[in-house]
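The values are calculated or read from the model by the stated rules, or taken from the named source; none is laboratory data. For clarity, every value in this text was computed on a predicted model and none was experimentally measured. In this analysis, Cβ positions are derived from the backbone assuming ideal geometry, glycine residues included, and neighbour counts consider all displayed protein chains. Each accessible area value is taken on the protein alone, full model and side chains, heavy atoms only, with ligands, DNA and RNA left out. Shrake-Rupley method; radii C 1.70, N 1.55, O 1.52, S 1.80 Å.
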Amino acid sequence: MQLPPKVTDRAFERLAEIGASDQGQALRIAVEGGGCSGFQYEIKLDAPAEDDLVLEGQGEKVVVDSISLPFLADAVIDFSEELIGARFVIENPNASSSCGCGTSFSM
């Protein structure tokens, strides 16, 4: 059985700070072919679609399309603030390796 991804409170807080739901938007997490490791994450604000898995918290939404969902089973979606910048990050237990910037991975 595949568990859906989890979203941290910190990620939902960041979405609230930027007013995503006020704009009718959700954080879309998708997996596409490509990148230096074989697959890459696409992370953007987008309107939810009918076949999306919707994860809700603090009045905000994170959505994952049905094709990307198996690649993100039991992953954790978080928001990180470091000296080099702030960004949404994904801890993916399904990835066997990832690139240095964390935007692509292999399985």
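Each peptide in 67-77, 50-60 receives the mean, over its residues, of other Cβ atoms within 10 Å, and ordering these scores from highest gives 67-77, 50-60.
Just how large is the dipole of the chain about the Cα centre, in debye to the nearest 20, putting +1 at every Lys and Arg Cβ and -1 at every Asp and Glu Cβ? With Lys and Arg at +1 and Asp and Glu at -1, about 240 debye. Placing unit charges on the Cβ atoms of the charged side chains and taking the dipole of the chain about its Cα centre, the candidate lying farthest along the positive direction among 57, 20, 31 is 31.
Net length available on complete extension from residue 13 to residue 49 is 10.7 nm, with 0.36 nm assigned per residue and the Cα-Cα distance removed. Helix 9-18 axis versus longest C-alpha principal axis of the chain: approximately 60°, rounded to the nearest ten. Choose one of 93, 48, 2: the residue whose Cα lies farthest towards the positive end of the charge dipole of the chain (beta-carbon charges +1 Lys, Arg; -1 Asp, Glu; about the Cα centre). Going by the Cα projections, it comes out as 93.
Summing +1 for each Lys or Arg and -1 for each Asp or Glu among the other residues whose beta-carbon sits under 11 angstrom from that of residue 42 gives -1. Between 65, 46, 22, the Gaussian network model of the chain with springs among Cα atoms under 10 angstrom shows the greatest mean-square fluctuation at 22. For log10 I(q)/I(0) by the Debye sum over Cα atoms at q = 0.10, 0.14, 0.16 Å⁻¹, the value computed from the atomic coordinates appears in the list [x] -0.33, -0.57, -0.70; [y] -0.62, -0.89, -1.01; [z] -0.26, -0.52, -0.68 under label [z].
The Cβ shell under 13 Å around residue 4 holds other residues with a net charge of -3, Lys and Arg each +1, Asp and Glu each -1. The candidates 82, 91, arranged from most to least accessible area with a 1.4 Å probe in the full protein assembly, appear as 91, 82. Put 64, 89 in order of accessible area, highest first, and with a 1.4 Å probe you get 89, 64.
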